[in-house]
Amino acid sequence: MSAPPRRVSTAGSVPAIDPALVDRVRERLAARGDGGPGVPTVQSLAAAIRAESPGVIGDTDLLAALRYLQTEFVGAGPLEQLLADPNTTDILVVGPDAVWVDRGTGLQRTSVGFEDEAALRRLAARLALGAGRRLDDAQPWVDGQLCDIGRHGAMVRLHAIIPPVAADGTCLSLRVLRPARQDFASLVDCGALPAPVRDLVVEIVGKRLAFLIAGGTGAGKTTLLNGLLGIVDPAERIVCVEDAPELRPQHPHTVRLVARAANTEGAGEVPLRALVRQALRMRPDRIVVGEVRGAEVVDLLAALNTGHDGCAGTVHANSAAEVPARMEALAALGGLNRAALHSQLAAAIQVVFVVGRDRDGARGLTQIGLVSRGDSPLVEIVPVWRRTTGFAPSLTRLRALLAERS
């Protein structure tokens, strides 16, 4: 049986910091507004420590206390070192002793830990406040976004839930949303986009077939979409609509719109669905929705059925065959019934790309499917290519569709 992870003391050479000192410093900073509206400065923290410490405090003790309090008041505390790793995609905390990280190859338990449950809960409450949310006994869970909490250039999606709802201690989930930067050539070089389908994918994008990219969480949907948008004709105008600013295609004419959550008073929300409607008024050649996860699917399908060819989006689904059912569920949120959804889907989307991970954790394109509607009123996704088996007979139908676009 493996030993439990070591709790990392954030106090440096001092084994423990008096919790009362932490509370006194916090109250002093809050009362005086030291550090201004942003995070406390090193100078204001040091002055507060000296003022609240009993007796004379030496330089060594001051530095140790300063390092500890910086993790209490600034950034992500003990999780800062994990956020600093450019490969980190997810950080999952279950109580003070269980911290897991995903660096693109699956979850691994780390040696990082918290002093106690109270320290973890303080961090969760502070992160919630940074996302404009509250986390307390009256509101025991929170869902929000944090802008560059560790100053590492990444947006972080936050979810936290506290006891007694979380029976094993405070649960903290941080999803790191770093801007996708790999271009099309890089995806081909690293094998994420297999060479046998390279030319076919280029033709699908170039001839303006509308497509969806499906896959699980962290499978690489946004990375593939970013690469495909980079090979769009430079003369075309792309309007991207996202929950978080992840897409950064290497394209000269890209407009990015980012949704905004409501503040603590419940005002100021700008939902994805509203931005899709705004995108229609911005003379787009292609509308791209970073992730279709709600009622905005209705507006996206409406946009695709008004002459905007070559539009794109991503959706959570583990295979191409699951995409119609997933779209049905999302359309129901927007008041669109099953028959109407399938009718619009058949006219709006032509191709589905599926991304996933192999057993080694490598991410890449695993399937290409063709949206088909035969005698049945329902849409199905016919396989065109699979990484494991190669091309299917339906490739002929896709070739014919591409020939029509010429």
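Determine, yes or no, whether K207 is closer than 23 Å to G356 by Cα and of a type outside the set (G, A, S).
no
Could you please find all residues in region 278-306 being surrounded by fewer than 19 Cβ atoms within 10 Å (Cβ to Cβ) and in contact with an Asp or Glu (Cβ under 6 Å, 6 or more places away or on another chain)?
Listed by number, the list holds a single entry, D285.
Being over 21 Å from the mean Cα position of the chain (by Cα), of a type outside the set (K, R) and part of a loop (DSSP other than H, G, I, E, B) is the filter here, so list the residues in region 205-219 that pass it.
Selection gives L209, A210.
Modelled with pLDDT under 95 and either crowded, with 24+ Cβ neighbours inside 10 Å or not in a helix (DSSP H, G or I) (or both): is that true of A185 in this structure? If you could, list the steps in order and put the result at the bottom.
Details: modelled with pLDDT under 95: yes; either crowded, with 24+ Cβ neighbours inside 10 Å or not in a helix (DSSP H, G or I) (or both): no.
Considered against the rule, which asks whether it is modelled with pLDDT under 95 and either crowded, with 24+ Cβ neighbours inside 10 Å or not in a helix (DSSP H, G or I) (or both), A185 comes out as no.
May I ask you to verify whether A167 is outside any loop (DSSP other than H, G, I, E, B), surrounded by fewer than 16 Cβ atoms within 10 Å (Cβ to Cβ) and modelled with pLDDT under 95?
Here the answer is no, as A167 does not meet what is asked.
Please verify whether R399 is assigned by TED's automatic domain parsing to the domain that holds R293 and surrounded by 14 or more Cβ atoms within 10 Å (Cβ to Cβ), treating the condition exactly as stated.
Spelling it out, it is not the case that R399 is assigned by TED's automatic domain parsing to the domain that holds R293 and surrounded by 14 or more Cβ atoms within 10 Å (Cβ to Cβ).
Hey, can you tell me all the residues within region 238-273 that are of a type in the set (G, A, S) and exposed (fewer than 15 other Cβ atoms within 10 Å of the Cβ)?
Within region 238-273, A262, G266, A267, G268 qualify.
Go through region 45-74 and count every residue that is modelled with pLDDT of 70 or more and either surrounded by 19 or more Cβ atoms within 10 Å (Cβ to Cβ) or within 26 Å of L174 (Cβ to Cβ) (or both).
7
Scan region 101-125 and report the pairs whose first residue is over 19 Å from W141 (Cβ atoms) and whose second residue is buried (at least 21 other Cβ atoms within 10 Å of the Cβ) and among the basic types (K, R), with Cβ atoms within less than 8 Å and a gap of 6+ or a chain change.
Correct list of pairs: G104/R363.
May I ask you to list pairs of residues, at least six apart or on different chains, whose Cβ atoms are under 8 Å apart, with the first in region 78-94 being closer than 15 Å to G169 by Cβ and the second being part of a strand (DSSP E or B) and not hydrophobic (A, V, I, L, M, F, W, C)?
L92/D102; L92/S173; V93/S173
Given the structure, is T222 farther than 23 Å from G390 by Cβ, modelled with pLDDT under 95 and assigned to a loop (DSSP other than H, G, I, E, B)?
Details: farther than 23 Å from G390 by Cβ: yes; modelled with pLDDT under 95: yes; assigned to a loop (DSSP other than H, G, I, E, B): no.
Taking the combined requirement at face value, the residue does not satisfy it.
When you scan region 101-109, do you find a residue that is in contact with a helix residue (DSSP H, G or I) (Cβ under 8 Å, 6 or more places away or on another chain) and surrounded by fewer than 20 Cβ atoms within 10 Å (Cβ to Cβ), even just one?
Going through region 101-109, the residues in contact with a helix residue (DSSP H, G or I) (Cβ under 8 Å, 6 or more places away or on another chain) turn out to be 101.
Filter once more, keeping what is surrounded by fewer than 20 Cβ atoms within 10 Å (Cβ to Cβ): none.
There is no residue in region 101-109 that is in contact with a helix residue (DSSP H, G or I) (Cβ under 8 Å, 6 or more places away or on another chain) and surrounded by fewer than 20 Cβ atoms within 10 Å (Cβ to Cβ).
Would you say V202 is of a type outside the set (S, T, Y), in a strand (DSSP E or B) and surrounded by fewer than 17 Cβ atoms within 10 Å (Cβ to Cβ)?
No.
To keep it simple, each residue is scored yes or no on (1) in contact with a strand residue (DSSP E or B) (Cβ under 6 Å, 6 or more places away or on another chain); (2) of a type in the set (S, T, N, Q); (3) over 24 Å from A320 (Cα atoms).
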| position | (1), (2), (3) |
| --- | --- |
| D199 | no, no, no |
| L224 | yes, no, no |
| C240 | yes, no, no |
| L257 | yes, no, yes |
| M282 | yes, no, yes |
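The values are calculated or read from the model by the stated rules, or taken from the named source; none is laboratory data. On a predicted model such as this, the values are computed, not experimentally measured, just so you know. Heads up, the Cβs are rebuilt from the backbone with ideal geometry, glycines too, and the neighbour counts pull from every protein chain shown.
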